[in-house]
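All remarks here apply to the structure that follows.
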Amino acid sequence: MSVELPDRVRLRPAIVPDGGILEGPRLLRRLPEGVEERPYELFALRPLGRLIGAEIGGVDLTRPLTPALHAELNRALLEWKVLFFRDQDITSAHQRAFAANWGELETNPFIPKGETEDTTRFTRSASMPAFENIWHVDVTFRPEPALGSVLRLIEVPPVGGDTMWADMAAAYDNLPEDVRERIDGLTAVHDFIPGFDRFSEPELLLRHQDAFPPVEHPVVRTHPETGRRTLFVNQAFTTHIVGMDRDESDRLLRYLFSRAHIPEFQVRFRWRPGSVAFWDNRATQHYAVNDYHPHARVAERVAIVGDRPF
């Protein structure tokens, strides 16, 4: 028999802000539907997270990859989204040769060059602070954003300077059904100016404005190799959703940006001398933790030309 409670003991309404991150179980699916776990035969793999990030042991990045090793590393990249290599005594040439196994290397006119046009160098010190401490996907202002990137640190700070990655397929999987229905089929505009405006000379931005006009990408892209649906908007370069009122677009984008902030979808990597990271730019966002000043942090990155998102 139900009992009618007096008003004074009834619970007040449970009201939470719209668009927040709520507690509760999350769907943690690392592999695409129907893909089963298989062992790796040509190297050791040690997971660093439940969904994303694994250290690879037994691979020397100074040596050319055999076709079999390349194929197995590519499978590991697709399954773990970011791979880490320790104790690698490599040069810029080795780094570029390794990345070139996955395609042509791209250039970036907004970041200082390393030894070659297709190498970018990030020199961070007390006089030149970092600005990559925002969740982002590399170069989504291009019609064909990078497939992936290979990063090595030349100077590692004594403390801090970690990099974090987030699995954006997991971010999509865990969206409420009504949000998935709302965003599937939408496109968003990406522009380089928001990502570089506060940290670049206006002359540099003006010089490249015509070469890099705003582009549209799907809000949810399909990974070309795994078929996974991944959330493909980021706070550095995505400006608005096409065909939507600006206030509504801003509210929705703020909610979608926040999905990268959920720890279950993340891995955090602590750099040491000789460490190298290789990530799938189609499936992840990343964040360079800016907590090491006044110490220096010097890194070189090479990026691999990608395809047009669909």
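The values are calculated or read from the model by the stated rules, or taken from the named source; none is laboratory data. Treat the numbers as computed from the prediction; the structure is a model and nothing was measured. Neighbour counts are summed over all protein chains in view; Cβ atoms, including those assigned to glycine, are modelled from backbone coordinates with ideal geometry. In case anyone asks, the SASA skips ligands and DNA or RNA and just uses the protein heavy atoms, side chains included. Shrake-Rupley method; radii C 1.70, N 1.55, O 1.52, S 1.80 Å.
Share of antiparallel DSSP beta bridges in the chain, in percent to the nearest 5?
Taking every DSSP beta bridge within the chain, about 95 percent pair in antiparallel fashion.
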Between the Cα axis of helix 67-80 and the main Cα principal axis of the chain, the angle (0 to 90°, nearest 10) is 30 degrees
Using the heavy atoms of the protein chains and a 1.4 angstrom probe, tell me the accessible area per residue for the chain in square angstrom. 50 Å²
Relative packing of peptides 261-272, 206-217 - highest average C-beta neighbours within 10 Å first: 261-272, 206-217
Once you order the gyration tensor axes a ≥ b ≥ c over the Cα atoms, which shape class does the stretch 162-212 get: rounded for a/c under 1.5, otherwise prolate or oblate by comparing a/b with b/c? oblate
For the chain, set up a GNM with springs between Cα atoms under 10 Å and report which of GLU117, GLU203, GLU155 has the largest fluctuation. GLU203
CD proxy, 222 nm, the chain: helix-only mean residue ellipticity via -39,500 (n - 2.57) per DSSP H run with n ≥ 4, per residue, nearest 500, stands at -5000 deg cm²/dmol
If you take every DSSP beta bridge whose two residues both sit in the stretch 21-141, what share of them, in percent to the nearest 5, is antiparallel? 65 percent
Connecting C-alpha atoms closer than 10 Å in a GNM of the chain, tell me which of PRO145, PRO47, PRO158 has the biggest fluctuation. PRO158
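Report the FRET efficiency, 1/(1 + (r/R0)^6), for TYR40 and ASP247, where r is their Cβ-Cβ distance and R0 is 45 Å, rounded to 0.05.
Between TYR40 and ASP247 the formula returns 0.40.
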Burial order of peptide ranges 232-242, 36-46 (average beta-carbon count within 10 Å, highest first): 232-242, 36-46
Using modelled backbone amide H atoms (1.01 Å from N, in-plane), which distant-in-sequence or interchain residues come within less than 5 Å of GLU55's amide H? ARG46, LEU48, PHE84
Relative contact order in percent for the stretch 146-283 (Cα pairs under 8 Å, 6+ apart) equals 46 percent
Euclidean distance between Cα centres, the stretch 209-255 to the stretch 93-155, Å: 21 Å
Heads up, the stretch 23-177 by the C-alpha gyration tensor (a ≥ b ≥ c square roots of eigenvalues; a/c under 1.5 rounded, else a/b over b/c prolate, else oblate) looks oblate
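Could you size up the charge dipole of the stretch 173-310 around its Cα centre, putting +1 on the beta carbon of Lys and Arg and -1 on that of Asp and Glu, and report it in debye to the nearest 20?
Working: 18 positive and 21 negative charges, 122 e Å.
The calculation lands at about 580 debye.
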Given charges at beta-carbon only (K, R positive; D, E negative), |dipole| of the stretch 101-211 in Debye: 380 debye
Which residue, LEU231, LEU51, THR120, has the largest displacement toward the positive end of the dipole of the chain when charges sit on each Cβ (Lys, Arg +1; Asp, Glu -1)? LEU51
Acute angle (nearest 10 degrees) that the helix 246-257 long axis makes with the longest principal axis of the chain, alpha-carbon atoms: 70 degrees
Just VAL82, VAL35, VAL59 to compare: in a GNM of the chain, with alpha carbon springs under 10 Å, which one fluctuates most? VAL35
Pop a pseudo-label 7 angstrom from the Cα along the beta-carbon direction at both ILE111 and LEU11 and give the gap in nm to one decimal. 4.8 nm
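Which value, in debye to the nearest 20, describes the size of the charge dipole of the chain about its Cα centre when Lys and Arg Cβ atoms bear +1, Asp and Glu Cβ atoms bear -1, and nothing else is charged?
Values: 37 positive and 46 negative charges, 142 e Å.
Value, rounded to 20: 680 debye.
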Using label points projected 7 Å from each Cα along Cα→Cβ, tell me how many nm separate ALA68 and ALA126, to one decimal. 5.4 nm
